[in-house]
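In what follows, a structure is listed as structure tokens, so that the remarks can point back to it.
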Amino acid sequence: MPDAARTPLVAANWKMHKTVAESDDFLDRFVGAIGDLTGAEIVVCPPYTALPSAVERTRRSPIRIAAQNVHFEDSGAFTGEISIPMLVELGVGGAIVGHSERRRLFCETDEALARKLPALLDAGLEAILCVGETEAERDAGRTEEVLRRQIEADLATVAGERLGAVVVAYEPIWAIGTGRTATREQAQEAIAFIRALLADRDPAAAAAARIVYGGSVKPANAAELFAEPDIDGGLVGGASLDPDDFVAICAAAAP
Ligand code: PGA
């Protein structure tokens, strides 16, 4: 079991799924089904278009709504981008940054992440930073090297004592959307390594930081992953699209 001082966190990353009507339908069912579940924090990250309605529908529930990306500048000539003040205006509570799909398909860089993370924290928003290695990197024994490079570069601009406010999601790229979940030993080992990297900067912040696992989390494997001492919950893609599956995963984080 992870340290009781760290409340487990489960986040749904819907990616480019669900229209506003579909998001509303999911949330109406999910908010009812999750009831007064305590012991885990729940974050749902719909596409931008569904954010206003999602904030409205979860207003009287403990569920928080976050975006899947954000730009670091408040405004400017950045066609197609969304800024932190725009999210704040909607009542959105945070953003995922550095997801491997954004790094790979949309050229999100460590330099951009080093600007996004302090900007989110300065605005009082929750930052969920994704890191993780490719299959080739793992096979070559380079997992720790990749994680070190990402953690050091992405969090370089976040002061040590603020590191505990960042949620880190360890998402091995070979496990995302593949049905090939990391074993609990693999996930625990990588997450303990990430915590040690944070501890090099600030031991208290490292002990307080939530570090979650992502990559084919499902109702059938959630409980065993979340039972590991350093795994503080999950970032869930495919299985978060179904309200019943996502309820089961959230319940597994709050036994
Ligand atoms: P998955 O996605 O659960 O569908 O593997 C996880 C993610 O990309 O965050």
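The values are calculated or read from the model by the stated rules, or taken from the named source; none is laboratory data. Note that the structure is predicted; figures quoted are calculated from it, not measured. Here the Cβ is made from the backbone with ideal geometry for all residues, glycine too, and neighbour counts use every protein chain on show. Heads up: the accessible areas ignore ligands, DNA and RNA and are worked out on the full protein's heavy atoms, side chains in. Shrake-Rupley method; radii C 1.70, N 1.55, O 1.52, S 1.80 Å.
For segment 74-94, filtered to residues that are in contact (Cβ under 8 Å) with a residue 40 or more places away in the chain and of a type outside the set (V, I, T), the residue that is nearest to K15 (Cα to Cα) is G94.
Looking across segment 211-224, just one residue is over 17 Å from I173 (Cα atoms) and surrounded by 21 or more Cβ atoms within 10 Å (Cβ to Cβ), and that is A222.
Going by the structure shown, is A175 within 12 Å of the ligand (Cβ to nearest atom), hydrophobic (A, V, I, L, M, F, W, C) and over 17 Å from A252 (Cβ atoms)?
Values: within 12 Å of the ligand (Cβ to nearest atom): yes; hydrophobic (A, V, I, L, M, F, W, C): yes; over 17 Å from A252 (Cβ atoms): yes.
It is true that A175 is within 12 Å of the ligand (Cβ to nearest atom), hydrophobic (A, V, I, L, M, F, W, C) and over 17 Å from A252 (Cβ atoms).
Taken over segment 152-178, the criterion of being aliphatic (A, V, I, L, M) and either open to solvent by 10 Å² or more (accessible area, probe 1.4 Å) or more than 17 Å from D122 (Cα to Cα) (or both) is satisfied by A153, A156, A159, A165, V168, A169, I173, A175, I176.
Could you tell me whether any residue of segment 50-59 is within 16 Å of the ligand (Cβ to nearest atom) and crowded, with 22+ Cβ neighbours inside 10 Å? It would help to see each step written out before you state the result.
Within segment 50-59, the first condition is being within 16 Å of the ligand (Cβ to nearest atom), and the residues that meet it are none.
Scanning segment 50-59 turns up no residue that is within 16 Å of the ligand (Cβ to nearest atom) and crowded, with 22+ Cβ neighbours inside 10 Å.
Please determine whether any residue of segment 189-209 is open to solvent by 10 Å² or more (accessible area, probe 1.4 Å), within 16 Å of the ligand (Cβ to nearest atom) and assigned to a loop (DSSP other than H, G, I, E, B). No - not one qualifying residue is present in segment 189-209. Kindly evaluate T181 against the criterion of being modelled with pLDDT under 95, among the hydroxyl-bearing types (S, T, Y) and open to solvent by 10 Å² or more (accessible area, probe 1.4 Å). In short, yes.
If we scan segment 130-146, do we find a residue that is within 15 Å of the chain's Cα centre (by Cα) and either under 30 Å from T58 (Cα atoms) or more than 16 Å from the ligand (Cβ to nearest atom) (or both)? Quick ask: steps written out before the conclusion?
Our first condition is that a residue be within 15 Å of the chain's Cα centre (by Cα); within segment 130-146, this holds for 130-132.
Next, only the ones that are either under 30 Å from T58 (Cα atoms) or more than 16 Å from the ligand (Cβ to nearest atom) (or both) stay: 130-131.
Yes, the conditions are met somewhere in segment 130-146.
Looking across segment 1-26 at every residue that is in contact with a Ser or Thr (Cβ under 6 Å, 6 or more places away or on another chain) and more than 22 Å from A227 (Cα to Cα), the one that is surrounded by the fewest Cβ atoms within 10 Å (Cβ to Cβ) is identified as V20.
Residue by residue through segment 216-244, note down the ones that are in contact (Cβ under 8 Å) with a residue 60 or more places away in the chain, within 15 Å of the ligand (Cβ to nearest atom), under 15 Å from the mean Cα position of the chain (by Cα) and at negative phi. So that I can check it myself, show each step before the final result.
Initially, segment 216-244 is screened for residues in contact (Cβ under 8 Å) with a residue 60 or more places away in the chain, giving 226-238, 240-241, 243-244.
Still in the running and within 15 Å of the ligand (Cβ to nearest atom): 226, 231, 233-238, 240-241.
Cutting the leftovers down to under 15 Å from the mean Cα position of the chain (by Cα) gives us 226, 231, 233-238, 240.
F226, I231, G234, L235, V236, G237, G238, S240 - these are the residues of segment 216-244 that are in contact (Cβ under 8 Å) with a residue 60 or more places away in the chain, within 15 Å of the ligand (Cβ to nearest atom), under 15 Å from the mean Cα position of the chain (by Cα) and at negative phi.
All conditions but one from (1) touching a Leu at 6+ places or on another chain (Cβ under 7 Å); (2) in a loop (DSSP other than H, G, I, E, B) apply to A4; the one that does not is (1).
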